[in-house]
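Take a look at the structure below.
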């Protein structure tokens, strides 16, 4: 049984990566991963790293045996004409986006941090409530 207490939830990053991958592919576009190549555990062709970052084409036409796992993304691909096995920790994925239009999602290091028990930042002792007091989060549709 999975523990659903907010502080013990698993990272949302692997779920978001899989969902956005499917969305990009379903729309006939090319999914790219932006990877922090300096993150420990990255097993990728580092000769293509630029500024500590690596862009990987993970489209179905470009890779074989793609596994978008909870802890790691793994696949086989060709780089400079040579077949290579690639594995990237999910935590090293900085973004997933469509090459053609840039639509996707950028992640930051705090994306995997569980929320504070008060539901927001607590640096000033206000529990992240701000001037409106204690209220529930509110979602709205923006058109």
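The values are calculated or read from the model by the stated rules, or taken from the named source; none is laboratory data. Quick caveat, the model's predicted, so the values are computed rather than measured. Note that each Cβ is placed from the backbone with ideal geometry, even for glycine, and that neighbours are counted across all protein chains shown.
So the values come out like this:
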quantity	calculated
Hits in segment 72-106 (condition: in a loop (DSSP other than H, G, I, E, B) and either modelled with pLDDT under 95 or surrounded by fewer than 12 Cβ atoms within 10 Å (Cβ to Cβ) (or both))	80, 81, 101, 102
Number of the exception - residue 25 against (1) modelled with pLDDT under 95; (2) within 19 Å of the chain's Cα centre (by Cα)	(1)
Which numbered condition residue 64 fails, given (1) more than 19 Å from residue 82 (Cβ to Cβ); (2) not in a loop (DSSP other than H, G, I, E, B)	(1)
Members of segment 44-61 that are within 19 Å of residue 27 (Cβ to Cβ) and modelled with pLDDT under 95	none
Segment 56-69: number of residues that are in contact with a strand residue (DSSP E or B) (Cβ under 9 Å, 6 or more places away or on another chain) and over 15 Å from residue 90 (Cα atoms)	7
Residue in segment 115-135 that is within 18 Å of the chain's Cα centre (by Cα) and at pLDDT below 55 present	yes
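A quick yes/no check of all residues on (1) in a strand (DSSP E or B); (2) within 14 Å of residue 94 (Cα to Cα); (3) touching a strand residue (DSSP E or B) at 6+ places or on another chain (Cβ under 6 Å):
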position	(1), (2), (3)
10	no, no, no
24	no, no, yes
28	no, no, no
33	yes, yes, yes
38	no, yes, no
41	no, no, yes
54	yes, yes, yes
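Residue-wise test of (1) touching a helix residue (DSSP H, G or I) at 6+ places or on another chain (Cβ under 9 Å); (2) free of Cβ contacts under 8 Å to residues at least 40 places away in the same chain.
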residue: 63; (1), (2): no, yes
residue: 68; (1), (2): yes, no
residue: 73; (1), (2): yes, no
residue: 78; (1), (2): no, yes
residue: 81; (1), (2): no, yes
residue: 87; (1), (2): no, no
residue: 92; (1), (2): no, no
residue: 97; (1), (2): yes, no
residue: 104; (1), (2): yes, no
